[in-house]
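The values are calculated or read from the model by the stated rules, or taken from the named source; none is laboratory data. Computed from a prediction, not measured in an experiment: that's the story for all the values here. Neighbour counts are summed over all protein chains in view; Cβ atoms, including those assigned to glycine, are modelled from backbone coordinates with ideal geometry. Please note that ligands, DNA and RNA were not included when accessible areas were found on the heavy atoms of the full protein model with its side chains. Shrake-Rupley method; radii C 1.70, N 1.55, O 1.52, S 1.80 Å.
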Amino acid sequence: MRGSDELLSQSGAVSNGSVMSPQPNHSDNNNDAKKVKLDKNQNGKPSKVIHIRNIPNEVTEAEIIHLGIPFGRVTNVLVLKGKNQAFLEMADEVAASTMVTYFTSCMAQLRGRAVYVQFSNHKELKTDQTHSNANASAQAALQAASALSGQNETQGGPNTVLRVIVEHMVYPVTLEVLCQIFTRYGKVLKIVTFTKNNTFQALIQYPDVVTAQAAKLSLDGQNIYNSCCTLRIEYSKLTSLNVKYNNDKSRDYTNPNLPTGDPGLDATLAGLGAGAPGVLASPFAAMHGLGSPLTSPYGNSAVGGMGAAGMPLAGFQMPGAAATTALSAAGIRLAGTMGSAGCVLLVSNLNEEMVTPDALFTLFGVYGDVQRVKILYNKKDSALIQMSEPHQAHLAMTHMDKLRVFGKQIRVMPSKHQTVQLPKEGQPDAGLTKDYSNSTLHRFKKPGSKNYQNIYPPSATLHLSNIPPSVSEEEIKDAFTKNGFPVKAFKFFPKDRKMALIQLPTVDDAVSALIKMHNYQLSESNHLRVSFSKSSI
């Protein structure tokens, strides 16, 4: 195929994406590549060549081909990037007609932009293979497409069921979160979630292949939350899902009367005449405050709609929305879920001689914004810690349960308390309870803070930031050594001298150093910021 500029020089002017009438053709050496004209703005007579308008600039040949795959074999493709148009040749007119008919009733989209699908005036897309600028990528995309459409549907070809893997899952992802995201592309019929090889996965069934494919194309590789919870999507080998229970692991939206699988709850719901609600409270009901590229366009609406008995689906709330649970509104308390959904942690086996509210505030502050800390008056090896969000409490528990702090292995678990009470006037407290809600040291105040991207498990290497240019490597190392932390290695960031890595002999040392050295005064206006690093020096 010739370069697209040469093609276009033969094919008439284009203005603002609408097509002007083409110039007369020159029959030149019978080279049909020169005759590919941009088509008039009409659906025209059936042809196996399809004309697609208004495509985004960055679209690849593979994305154009994917639009056609559900309707039959794709035999050729031409993308005219400068003109925001493309041509797709199907194996036969029947496939092309099916595709055009389908996209007259529902809008085709590429990268979130509406594109227009119509018959081309050309009966075939003859291309001169040697001249195509994008020849290599076009050929690779066509080969991949033919391999894909050659598969039997049970072997993972285009299909109504998608298999979704969530990578780098910093925050819990619930069935409701998935429903909200995938409902954008069409009606979700069924969802089954499970964990396999330590990764969270889901199977999601749509009514037809085209909707499933639109969701796959748009969402594959996207992050649910800023810089984490990445969706990897492929077609499942299953063509239909068999869902037995409506609960927080699986749901059949076409059959709201399925049991939950919990005999006690099923009996309670039957007594209420509610049927199975399909609204089991997620343990992480209030994940607001996270800037989410995928879920934010909904504002505070709960997409995916209503459970049985007209109860709104509980679980995932949009960023900033109040966390409400439909079941508790109906007067049903689910055993175990309320505690785990809360913001308060119970920490035990603390070193009584060393631990203070400030030490716990600093350490737990690595994983979220600590609002209050209470060391128990009658049991000083235990404390209650209130985080600002349930997912922060979950993160802190995941990373710090069984961590050694000041020589003792601490235990971290959800508390049944919803808040940490401040002592009443005149009650003896000895400074064991502190309120940090107005602290300037919170790391995650801003929704979607980039600090969420730098949350790592405790390690022997610490990440230092907010270092003023006047402070040298020796001064920083001396500060650590004087406070009892021998330094194994130190390195400034090559591109940003405000940051450095410092390596201590053990994780225990690093935990103590983080508690002591976070907010350490380096100059009149600079206090050191310390967190755990994923790197070593």
- Pairs returned, first residue in segment 170-198 that is under 23 Å from N242 (Cβ atoms), second residue that is acidic (D, E), beta-carbon separation under 8 angstrom, 6 or more apart or interchain, are T174/D248; L175/D248; G186/D208; L189/D252; K190/D252
- Task: Those residues that are in a strand (DSSP E or B), touching a helix residue (DSSP H, G or I) at 6+ places or on another chain (Cβ under 6 Å) and buried (at least 23 other Cβ atoms within 10 Å of the Cβ), I need them from segment 163-201; list them, please.
- Result: I191
- On the given criteria, is E63 open to solvent by 10 Å² or more (accessible area, probe 1.4 Å), assigned to a strand (DSSP E or B) and in contact with a helix residue (DSSP H, G or I) (Cβ under 9 Å, 6 or more places away or on another chain)? no
- Message: Just to verify a result, which residue in segment 438-488, among those that are at pLDDT 90 or above and among the hydroxyl-bearing types (S, T, Y), is nearest to H399 (Cα to Cα)?
- Response: S459
- Filter segment 228-246 down to residues that are open to solvent by 20 Å² or more (accessible area, probe 1.4 Å) and assigned to a loop (DSSP other than H, G, I, E, B) and give me whichever is nearest to Y171 (Cα to Cα). Y245
- From the set of residues in segment 71-103 that are of a type in the set (V, I, T) and either without any contact (Cβ under 8 Å) to a residue 40 or more places away in the chain or assigned to a strand (DSSP E or B) (or both), which is surrounded by the fewest Cβ atoms within 10 Å (Cβ to Cβ)? T101
- Task: Would you mind listing the strands (runs of 3 or more DSSP E) fully within segment 445-537 where at least 3 residues are under 21 Å from D358 (Cβ atoms)?
- Result: 461-465, 529-532
- Query: Residues of segment 423-434 being open to solvent by less than 80 Å² (accessible area, probe 1.4 Å) and either polar (S, T, N, Q) or at pLDDT below 90 (or both), which ones?
  - Reply: P423, D429, G431, T433
- Query: Restricting attention to segment 214-227, and to residues there that are modelled with pLDDT of 85 or more and open to solvent by 10 Å² or more (accessible area, probe 1.4 Å), which single residue is nearest to V170 (Cα to Cα)?
  - Reply: N223
- Query: Of all residues in segment 189-212, how many are closer than 22 Å to C106 by Cα and either under 18 Å from the mean Cα position of the chain (by Cα) or at pLDDT below 90 (or both)?
  - Reply: 7
- Is it the case that H394 is out of contact with any Asp or Glu (no Cβ under 8 Å at 6 or more places or on another chain), over 20 Å from V530 (Cα atoms) and assigned to a helix (DSSP H, G or I)? yes
- Message: Can you pull out every residue in segment 435-471 that is without any contact (Cβ under 8 Å) to a residue 24 or more places away in the chain and open to solvent by less than 40 Å² (accessible area, probe 1.4 Å)?
- Response: S449
- Item | From H417, H394, H399, residue being closer than 23 Å to P172 by Cβ, open to solvent by 50 Å² or more (accessible area, probe 1.4 Å) and out of contact with any strand residue (DSSP E or B) (no Cβ under 8 Å at 6 or more places or on another chain) | H394
- Note on the structure: Counting only residues in segment 353-381 that are modelled with pLDDT of 95 or more and among the small types (G, A, S), the one farthest from the chain's Cα centre (by Cα) is identified as A359
- Message: Return the residues of segment 104-143 that are modelled with pLDDT under 85 and open to solvent by 70 Å² or more (accessible area, probe 1.4 Å); say none if nothing qualifies.
- Response: T104, S105, M107, Q109, R111, K126, Q129, T130, H131, N133, A136, Q143
